[in-house]
Amino acid sequence: MIMETHGDICRLGYLRIIPCLLEDQSPKTYDFLAAVLYEIVKGVHDEDFLAEKPIGLITRPVNARNYVTLAAELDLIDRRRQRLGLFGKLYLCMKSSMRFRSLVEGDRSLRLIDLLMLNDAEKIFFLWALFHRDYPFIQLITSWAIRKGRFRRQEAMIYAMEEAYPQALKKILPRSRSREVEEAERFRERRLAIGDKVEWIKSSQYAKYRHIAPPRFEWLVDCGILKRSGRGKYEVNAQMIYDPQRILKLASLSLNKIDQYLFGDFLKPLFKLYRRAGRYDIFRTLVEVYDRMKRYFGEEVDLTNLECMTILALIEKDMIADLNSIHDSFNSFAIQFPDRIYVTPSASGRLGLAYIDTRNLEI
């Protein structure tokens, strides 16, 4: 669960720049990353391209620093080593990262809308990262939002902090930190004890609400699940690429079942939007993704991550396949080329590591 947030970290699009700053795999401090991020984005002011000025824009160095912290919470940055984290490495394997590499290198400029808006593959990527890294808090919030359909920010903050937050803490924190759970369970009582609205807004508890809850609803906006319907108002996005019932299903799953469903049944509605990938398209893309992943993971290319990333790469090519199709394709070619395509256990014995000898491999 993401424990450190700030009310201004509402736009996931900015996060795509940060892995590109770490691509050389040398450690970089958060302050350095924040300074470079701020320098890159500070000159972009084309709000006219957007229907309304979004919240969460980087306008000061402190905003950039807060986004770097969020990148670490999402494992785009390895917090301990100050290098690329798991999801940072995975993002750099996406074709869409090339735009931000060029931006970082000074070879191109981007409009504000380019910095903020996510394409379909990126929406699924960040949904994947959020549902892993903010489990189970984001799941509870997502489920509530879908069931409500339409709501105001104040109502959402109260649910998130007085119901979802205590439940999430109780699920993830050890008994040694039970005091934090007990404190969260008293949030409602403390809010109701503050009778005056002005005093409530000035309170430290309101500040905590504002920093923790609203960004998560904005992340769901960026992922295409919600949309803003007025000042402080949200509603389920009727134009979303997903099916609301499948979102509810996804939000109900345990952590170890998320990948299989997110890249399986959850994607069924996208088959109406994208061309179904053939066997050749699947394996060619899988090999391309493997080559990219090997650059960042070496010999530790996890098979499940490879297959999930292949689906995102296909979507970037305007094609679609589900996890079962990707897995069947891998197995089929592994049977055909057993000495060049196979799976081995990791050192821990828990993960399946893919190996593909791509030299002179004729598909």
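Matching residues to (1) more than 16 Å from Asp134 (Cα to Cα); (2) assigned by TED's automatic domain parsing to the domain that holds Ala160; (3) touching a helix residue (DSSP H, G or I) at 6+ places or on another chain (Cβ under 7 Å):
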{"residue": "Arg190", "(1), (2), (3)": "yes, yes, yes"}
{"residue": "Ile201", "(1), (2), (3)": "yes, yes, no"}
{"residue": "Ala213", "(1), (2), (3)": "no, yes, yes"}
{"residue": "Asp222", "(1), (2), (3)": "no, yes, yes"}
{"residue": "Ser229", "(1), (2), (3)": "yes, yes, no"}
{"residue": "Gly232", "(1), (2), (3)": "yes, yes, yes"}
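Answer yes if at least one residue in the range 104-122 is under 19 Å from Ser252 (Cβ atoms), under 21 Å from the mean Cα position of the chain (by Cα) and among the aliphatic types (A, V, I, L, M), and no otherwise. No, the range 104-122 contains no residue that is under 19 Å from Ser252 (Cβ atoms), under 21 Å from the mean Cα position of the chain (by Cα) and among the aliphatic types (A, V, I, L, M). Once the range 134-148 is narrowed to residues that are in contact (Cβ under 8 Å) with a residue 24 or more places away in the chain and among the aromatic types (Phe, Trp, Tyr), the residue that is surrounded by the most Cβ atoms within 10 Å (Cβ to Cβ) is Phe137. Among the residues of the range 305-363, just one is in contact with a Lys or Arg (Cβ under 9 Å, 6 or more places away or on another chain), basic (Lys, Arg) and modelled with pLDDT under 90, namely Arg359.
Can Asp318 be described as within 23 Å of the chain's Cα centre (by Cα) and at positive phi? Walk me through how you get there before you give the answer.
On the way: within 23 Å of the chain's Cα centre (by Cα): yes; at positive phi: yes.
It is true that Asp318 is within 23 Å of the chain's Cα centre (by Cα) and at positive phi.
The values are calculated or read from the model by the stated rules, or taken from the named source; none is laboratory data. Quantities reported herein were computed from a predicted structural model and do not represent experimental measurements. Cβ atoms come from the backbone with ideal geometry, glycine included; neighbour counts cover every protein chain shown.
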